[in-house]
1. Within straight cross-link reach of residue A:24, meaning Cα distance under 16 Å, which aspartates and glutamates are found once same-chain residues fewer than 8 apart are removed?
2. Show which lysines lie in cross-link reach of residue B:69 when reach means a straight Cα distance below 27 angstrom and same-chain residues fewer than eight apart are skipped.
3. Could you state the principal axis extents of the C-alpha atoms in chain B, from the largest down, to the nearest angstrom?
4. Would you mind computing the Rg to Rh ratio of the protein assembly as shown from its alpha-carbon coordinates, Kirkwood style for Rh?
5. Over the residues of region B:1-49, compute the C-alpha Rg and express it relative to 2.2 N^0.38 Å.
6. Dividing the Cα radius of gyration by the Kirkwood radius, what Rg/Rh value follows for region A:75-115?
7. Could you tally the net charge around residue B:66, taking each other residue with its Cβ under 15 Å from the Cβ of residue B:66, Lys/Arg +1 and Asp/Glu -1?
8. Seen from all sides and averaged, what is the projected area of the convex hull of the Cα atoms in chain A, in nm²?
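Every number in this text was worked out from the coordinates using simple rules, so none of it is lab data. Small disclaimer: the values here were computed from a predicted structure and weren't measured. As a convention, Cβ positions derive from the backbone with ideal geometry for all residues, glycine included, and neighbour counts pool all protein chains shown.
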Amino acid sequence: DAGVIQSPRHEVTEMGQEVTLRCKPISGHDYLFWYRQTMMRGLELLIYFNNNVPIDDSGMPEDRFSAKMPNASFSTLKIQPSEPRDSAVYFCASSLPLSTGTEAFFGQGTRLTVV
Amino acid sequence: AQSVTQLDSQVPVFEEAPVELRCNYSSSVSVYLFWYVQYPNQGLQLLLKYLSGSTLVKGINGFEAEFNKSQTSFHLRKPSVHISDTAEYFCAVSDWSNDMRFGAGTRLTVKP
């Protein structure tokens, strides 16, 4: 397996534009996580899915953020409208059930810059 | 809910010196503990993990960590660091709730 694949690797957009980040988890993993990494706040869990269903979205900063998982092999994180404070690195990770002690596998991240 | 505190945001050390990166966790239930490493412009990679059993866990690249239940700690150690160990290190905890929480990270800088 190629691991968790995120696209794009870098995104520069203007304030007010819609941004969509994409993630393909490792095949067979039934958990998918979206994290945001900033210097100020470190690595924050935004939302996670189990079997394509959102389980906990309490980390999503506000209504401008939305995430979907239409099938087991694809997820999106959308920001509409984007703001400069959304600039960060966004990571997607996937795993088998963490309750069994397995680890999460991370993608390379998408570096988002909102100008 | 579980949480993780990494006590040092930055740790500078000279090459071939020993290093310890500190991590404390809080949880009301049994936990699994992890250390991840992040090299510049890359994602996080697993260094090692503690599930149960022996409290001393050995990982990749010569790193090891010790689980101390009474002190709720999981400190990461390496007896002799290399320049290539310069990276950000994250401690993480998970439990029955199927999410994983990370500490703020410790930036290890190895100087020649």
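1. Result set, ordered by chain and number: A:1.
2. Excluding near neighbours in sequence, the set is B:49, B:58, B:78.
3. 42, 29, 21
4. Numbers: Rg = 17.6 Å, Rh = 18.1 Å.
Rg/Rh for the protein assembly as shown comes to 0.97.
5. Values: Rg = 13.3 Å, N = 49, 2.2 N^0.38 = 9.7 Å.
Cα-based Rg divided by the globular estimate yields 1.37.
6. 1.12
7. Details: positive: B:22, B:49, B:58, B:69, B:77, B:78; negative: B:20, B:64.
Computed value for this residue: +4.
8. Values: hull surface 27.0 nm².
Mean orientational projected area (chain A, Cα hull): 6.7 nm².
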